[in-house]
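Coordinate-derived values only; no laboratory data. As the structure is a computational prediction, the values presented were derived from the model and not from experiment. FYI the Cβ positions are ideal-geometry reconstructions off the backbone, even for glycines, and counts take in every protein chain you see.
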Amino acid sequence: MSPALIGGLSVLLLASVLQPRPEIFAPGELSTDLDEASITFTPDQKTAFFVLRAFFTTSPPASVICDSHLKAGHWTPPKVVPFSGIELDGSPSVSPDGKTLYFASRRRLSGHRSNDWNLFVVALNGESSFGEPEPLGERINTEANEINPSASDDGSLYFASDRGSGDGFSIYRAAPGQPPVKLPAEVNAGTSTAQPFIARDQSLILFASYGRPDALIAGGHPYDRPDLYLSEFRDRRWRPARHLVHGINTYAAESFPSVSPDGKWLFFSSERAGLDLPLERPLDTAQWLQKCRSILNGHSNFYRIPISALELSQ
């Protein structure tokens, strides 16, 4: 083999080693054999809020909002926050200033005909101290479903809603004092687009989407599940969304993307379990039970990857 070819292979090998790859976050503390999703952090990154979902099959699954605190390098056992645990609650999102927590809930609103999903806000008064949850106004909450809130520095609220569509979700932006506006097709595409995370300066949006042609499909019977995408706001318009790479998307469901407050990490939830069909080799009973009882049992966990994996424009 020629020295030039050897050198080229070495460069390729080094590049593959240096490529960022997702790592499971806080295994055994926040990522467990339970079903966790949708993590968000206070600005000091010492308190995390997330959703814990029930094992049994409902649509949507029963879920509560929990919090956990970073103490001496470890995350405390999660506890259900005082304002959750009665109705279905989900998609918590800490405001950029850390003073409030947005979330979605199926608790019934006065004047609404059904207990659809609506958006709420609650004051964060300190560690495990909260105000009373208040619904966002009629400009945001409608008789349709509103989910997945995410706020920017200027108070603009991004969220997903199925208003006017009759089926799938789309992402909307509500500027302060203005009615919500649906984002363009560069963001909203596929059969359903939801779970937005907006950058503090609104320079990029991360989201989950179903039914796009670049979605990853494994063996077995295909089922509708989300992949993660990114669109950048440049030259006063949203650029066509990119399917995230570097192992962020897999054949499993990836969801609830967000960026850490320090801007160093992309966080997301994933149901990856190493059980993509067809399996490389058969599992015996002991191996199967070990897999089912492990963190990687197919329930959702938290992952993170350096922000460089987003390959953002300079």
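Brief remarks follow.
- Non-local lysine pairs in the range 23-310, meaning eight or more places apart or on different chains, with alpha-carbon distances under 21 Å, amount to 8.
- The ranking of Cys292, Cys66 from fewest to most other beta carbons within 10 Å of each one's beta carbon is Cys292, Cys66.
- A simple rule links phi to the HN-Hα coupling: the Karplus curve 6.51 cos²θ - 1.76 cosθ + 1.60 with θ = phi - 60°, which for the range 293-304 gives 9, 8, 4, 8, 9, x, 7, 5, 10, 9, 10, 9 Hz, with x for Gly and Pro.
- Each residue of the range 125-133 is assigned a 3J(HN,Hα), and the resulting list reads 9, x, 4, 6, 10, 9, x, 8, x Hz, derived from the Karplus form 6.51 cos²θ - 1.76 cosθ + 1.60 (θ = phi - 60°), x at Gly and Pro.
- Local electrostatic count, Ile198, Cβ distance below 14 Å [Lys/Arg +1, Asp/Glu -1]: -2
- Residue exposure proxy: His243, His112, ordered by other Cβ atoms within 10 angstrom of their Cβ from fewest to most, comes out as His112, His243.
- Restriction of the GluC sites (Glu not before Pro) in the range 134-172 to DSSP coil positions whose beta-carbon has at most 15 other beta-carbons within 10 angstrom yields Glu138, Glu143.
- Remark: the range 255-262, residue by residue, has Karplus-estimated 3J(HN,Hα) of 7, 6, x, 7, 10, 4, x, 7 Hz, where x stands for each Gly or Pro and the curve is 6.51 cos²θ - 1.76 cosθ + 1.60 at θ = phi - 60°.
- Ranked by the mean number of other Cβ atoms within 10 Å of their residues, highest first, the peptides 98-106, 76-84 fall in the order 98-106, 76-84.
- Amide H partners (placed H, <5 Å) of Glu146, local residues excluded: Trp117, Asn118
- Largest mean-square fluctuation among Arg163, Arg239, Arg113, in a Gaussian network model of the chain whose springs join Cα atoms under 10 Å apart, belongs to Arg113.
- Dipole magnitude for the range 100-254: computed about the Cα centre from +1 point charges on Lys and Arg Cβ and -1 point charges on Asp and Glu Cβ, it is near 280 debye.
- Across the options Pro180, Val80, Asn301, the greatest Cα extent toward the positive end of the charge dipole of the chain (unit charges at beta carbon of Lys, Arg, Asp, Glu) belongs to Pro180.
- Amide H to amide H distances under 5 Å link Phe25 with Phe302, Tyr303, Arg304, where only residues 5 or more positions off or on other chains count and H is placed in the peptide plane.
- Local electrostatic count, Val81, Cβ distance below 10 Å [Lys/Arg +1, Asp/Glu -1]: -1
- Here's how it looks for Gly211: its modeled amide H is under 5 Å from those of Thr191, Arg225, which are all 5 or more places away or on a different chain.
- C-alpha long axis of helix 3-18 to longest principal axis of the chain, angle in °: 30 degrees
- Cα radius of gyration and Dmax for the chain (Å): 20.2, 77
- Taken about its Cα centre, the chain carries a charge dipole of roughly 220 debye when the Cβ of each Lys and Arg holds +1 and the Cβ of each Asp and Glu holds -1.
- Highest to lowest packing among 35-46, 174-185, 117-128, scored as the average C-beta count within 10 Å: 35-46, 117-128, 174-185
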